[in-house]
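Single-structure report; data block below.
Computed from the coordinates by the stated procedures, all read-outs in this text should not be read as laboratory data. Bear in mind the structure is a predicted one, so any value in this text is a computation, not a measurement. Here the Cβ positions follow ideal geometry from the backbone for every residue, glycine too, while neighbour counts run over all protein chains shown.
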Amino acid sequence: MKTILAKADEASVKKAAGLLQAGEIVAIPTETVYGIAASAFNGAAVKKIFEAKGRPQDNPLIVHIDRLEMLEGLVSGVPQGARALAEAFWPGPLTIIMPRGPKVADEVCAGLDTVAIRMPSHPVARAVIAASGLPLAAPSANRSGGPSPTIAQDVMADMDGRLPLILDGGACGVGVESTVVTLAGEQPVLLRPGFVTKEQLEGVLGSEVLLAGAVLHKLKEGEAARSPGMKYKHYAPKAHVTILRGDFAAYCKYVCGHAGPGVWALCFDGEGGQLPVPSVCYGAKEDDAAQARELFSALRRLDEKGAQRVYARCPHVGGVGLAVYNRLVRAAAFEVVEL
Ligand code: AMP
Ligand code: MG
């Protein structure tokens with residue numbers, strides 16, 4: 001299959017809408033990361049997403065809508081609290097788990113009786129949903145297990161020949177996938193941290209939001225995942241990544257002791273010059289939003305440069321930094337050295 005990379009404009013958005021209506025898949029930008037979209041009503045189309053990504057079938061997808069009326073048939077009810085969250089954070093990088101409605105294709109939910117819903121704010125994503133008139137099931141547009149793409153060229157690197165069209169809407173502003181929260185149980189639970197923080201959710205709900213154990217810790221053998229995507233090693237580049245937790249002086253000392261061919265540093269802005277190995281940086285130390293925006297791109301650049309062994313600076317584990325750490329610790333397959 002020939003893959004066209006087209007600047008997102010009126011004509012290419014119209015083309016994308018036509019492909020989606022015909023049961024094809026298309027890569028589109030959102031404010032979080034690039035996604036591969038298909039009609040959430042069309043099981044055969046959704047299957048093509050799993051094939052293109054090489055994604056395990058038991059990992060459910062998020063359905064993207066551009067207005068609340070689209071919830072009709074997608075969900076069987078809107079849980080208490082969901083309406084307040086939607087009002088506060090939609091359109092934006094928040095996904096809410098709701099009871100599943102009758103029109104969602106089985107393939108979207110991977111056998112669960114719930115469905116994940118998000119209303120994105122990115123103008124291109126919204127234009128494609130509006131032009132197609134379809135709710136779009138869309139996971140990140142990377143090959144399963146790799147870092148999510150935040151520019152169209154990174155989608156092309158993973159998906160060339162696997163789908164007909166990639167819309168180029170420039171670099172994603174958020175850079176990590178949406179926050180996922182479930183209101184299906186007795187207490188709200190944060191299943192995946194993102195740009196919308198736990199504290200912001202608690203502020204709107206007026207109650208505590210629990211952190212799913214798998215956000216920060218590796219699931220034990222046989223332990224059930226609250227959110228199926230948490231099971232897998234994820235977001236990982238080809239290089240072997242280790243997080244070094246401690247201050248910069250201790251980090252420098254450790255990297256000096258482990259320097260050698262193929263060793264790279266993944267550090268904060270301005271730190272590279274003081275290190276004995278080449279480096280890629282991912283935002284300023286105090287700027288967790290910049291770290292979120294740059295992390296996945298930095299992981300991809302390390303692979304392009306042929307890094308074999310990567311020592312990563314540890315982000316602050318709170319606020320948006322919780323999302324950064326959650327992705328980085330999976331990229332590192334939970335290998336963290338306390339300095
Ligand atoms: P991605 O599409 O790559 O952004 O990943 C979507 C993630 O949302 C999945 O990996 C799941 O962890 C989560 N998710 C989607 N649907 C559900 C659901 N019904 N219940 C719990 N988590 C979900
Ligand atoms: Mg993904």
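Brief remarks on what is shown
- In segment 53-101, the residues that are crowded, with 18+ Cβ neighbours inside 10 Å, touching a Gly at 6+ places or on another chain (Cβ under 8 Å) and in a loop (DSSP other than H, G, I, E, B): N59, P60, L74, P93
- Residue that is surrounded by the fewest Cβ atoms within 10 Å (Cβ to Cβ) [pool: residues in segment 176-196 that are assigned to a loop (DSSP other than H, G, I, E, B) and within 13 Å of ligand 2 (Cβ to nearest atom)]: G194
- Close pairs (6 angstrom Cβ cut-off, 6 or more residues apart or separate chains): under 25 Å from V324 (Cα atoms) in segment 245-265, small (G, A, S) anywhere: V255/A265; W264/A307; A265/S279
- Of all residues in segment 203-227, those that are more than 27 Å from G81 (Cα to Cα) have Cβ atoms under 9 Å from Cβ atoms of residues that are more than 16 Å from ligand 2 (Cβ to nearest atom) and part of a helix (DSSP H, G or I), 6 or more apart or on another chain, in L219/G213; E223/G213.
- Selection over segment 49-74 of residues that are more than 16 Å from ligand 2 (Cβ to nearest atom) and touching a strand residue (DSSP E or B) at 6+ places or on another chain (Cβ under 8 Å) gives a count of 3.
- Of the candidates A331, A265, A290, A298, the single residue that is under 27 Å from L201 (Cβ atoms), touching a strand residue (DSSP E or B) at 6+ places or on another chain (Cβ under 7 Å) and surrounded by 19 or more Cβ atoms within 10 Å (Cβ to Cβ) is A331.
- Just one residue in the set S148, S144, S121 is near ligand 1 (Cβ under 9 Å from one of its atoms), in contact (Cβ under 8 Å) with a residue 24 or more places away in the chain and either in contact with a Gly (Cβ under 8 Å, 6 or more places away or on another chain) or closer than 15 Å to A6 by Cα (or both); that residue is S144.
- Test result for G145, within 16 Å of V320 (Cα to Cα), surrounded by fewer than 19 Cβ atoms within 10 Å (Cβ to Cβ) and under 17 Å from the mean Cα position of the chain (by Cα): no
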